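Written below as structure tokens is the structure these notes are about.
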Amino acid sequence: MLKVLDLFKPEQPVIEVEHICTQLGYTSASAYRYLRELLDAGLLVRLPRGYALGPRVIELDRQMTEFDPLLAASRQPVAELATLTGLSVLISELYGATVINVLHQPGADPDLLNFGRGRPMDLFRSATARVILAYLLPRQLRRIYDNAPQEGSARQLGQDWRSFSKAMLTIRKDGFCVSEGELDPGKSGIAAPIFDEKHRVLGSITLVGPAARFEAFRRDYLAGLVTAAAQGITLRISETSESRLDP
């Protein structure tokens, strides 16, 4: 049923039953049953031309924005980094086989980012995603690499598993990742991983901005800022989790 929600795209804000059946291979009876349940839950609304996302999505977005542990732990360091550097700051989270930005604090650069809040990105492109990818379990990494298109961005990091895993190990040793112009032409980024209370990679924090502003700082200085912020967020998440477990 929830796969129906995956059909909504910027170019497809309204869907019809025929679209659901064609794209997902469902019978009309199944499609109507799923639509009815999604309507009852407030996740969809019925329109004259079909079905659109419903008000429950906004309610859930508000809940996440105000109370999500990752966002709550990130707001202060994100604001401080943006003020200190003039660069934009992103908090991004692992979501299935992709990474999505969940918080965007603009810097001094007025230009919008191509990949701002709410837009998913390729796991293999950008420092934001790769620094998360590098800290996945080896079996997860191998499965993701093997399932990636042969001519896709994964092969740019390594033409075989050995070279790819070596590239991931380098990121882990550095503790951060840098990219230049991969998602936004003329912009550079540096990212560090954020972990949950069990030290599983949860997401990343990224400093990103115009190459000229980025290069005005020493790279080791920016690396120190972003890794310290990531460690602080990780610590806050861990402390929040422990406080909830205490009687």
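The values are calculated or read from the model by the stated rules, or taken from the named source; none is laboratory data. Quantities reported herein were computed from a predicted structural model and do not represent experimental measurements. Cβ coordinates were reconstructed from backbone atoms using ideal geometry, including for glycine residues, and neighbour counts include every protein chain displayed. Just the protein is used for accessible areas: all its heavy atoms, side chains included, with ligands, DNA and RNA removed. Shrake-Rupley method; radii C 1.70, N 1.55, O 1.52, S 1.80 Å.
What the table shows:
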item	result
Listed values (1) 1.01; (2) 0.99; (3) 1.09, entry calculated as Rg/Rh (Cα atoms, Kirkwood Rh)	(1)
The chain, accessible area per residue, ligands and nucleic acids excluded (1.4 Å, Å²)	56 Å²
Relative contact order (percent, whole number), the stretch 1-110, Cα cutoff 8 Å, 6+ residue spacing	16 percent
Estimated 222 nm signal from helices in the chain, with DSSP H stretches of n ≥ 4 weighted -39500 (n - 2.57), rounded to 500	-14500 deg cm²/dmol
Crossing angle, helix 161-174 versus the chain [Cα axis fit, 0-90 degrees, rounded to tens]	60 degrees
Global geometry of the stretch 77-198, whether rounded, prolate or oblate, following the gyration tensor of its Cα atoms and the 1.5 cut on a/c	prolate
Dipole of the chain [Lys/Arg +1, Asp/Glu -1 at C-beta], most positive-end residue of I194, Y221, V78	I194
Tensor-based shape of the stretch 8-99 (alpha-carbon gyration tensor, a/c under 1.5 rounded, otherwise prolate or oblate)	prolate
Among V17, V226, V208, residue whose mean-square fluctuation peaks in a GNM of the chain (springs only between Cα atoms under 10 Å)	V17
Net charge of Cβ neighbours under 12 Å - reference Y26; Lys, Arg +1; Asp, Glu -1	+1
Rounded, prolate or oblate (a/c below 1.5 giving rounded, otherwise prolate when a/b exceeds b/c) for the stretch 143-184 by Cα gyration tensor	oblate
Accessible surface of the stretch 74-213 [probe 1.4 Å, protein heavy atoms]: carbon and sulfur percent	51 percent
Among D160, D40, D184: highest mean-square fluctuation, GNM of the chain, C-alpha pairs under 10 Å	D40
Net charge, G232 excluded, C-beta distance under 14 Å - Lys, Arg +1, Asp, Glu -1	0
About the Cα centre, charge dipole magnitude for the stretch 72-206 (Lys/Arg +1, Asp/Glu -1 at Cβ), debye	540 debye
Angle between the chain longest axis and helix 28-40 axis [Cα atoms, degrees, rounded to 10]	70 degrees
Most fluctuating residue given options R236, R119, R49, as computed from a GNM of the chain linking Cα atoms under 10 Å	R49
By average C-beta atoms within 10 angstrom, highest first, the peptides 122-134, 69-81, 23-35, 185-197	122-134, 185-197, 69-81, 23-35
Computed FRET value (nearest 0.05) for R56 with R219, which takes r as the C-beta separation and R₀ as 51 Å	0.70
Cross-link partners of K3 among aspartates and glutamates (Cα-Cα below 17 Å; sequence separation of 8 or more within a chain)	E16, E18, E37, D40
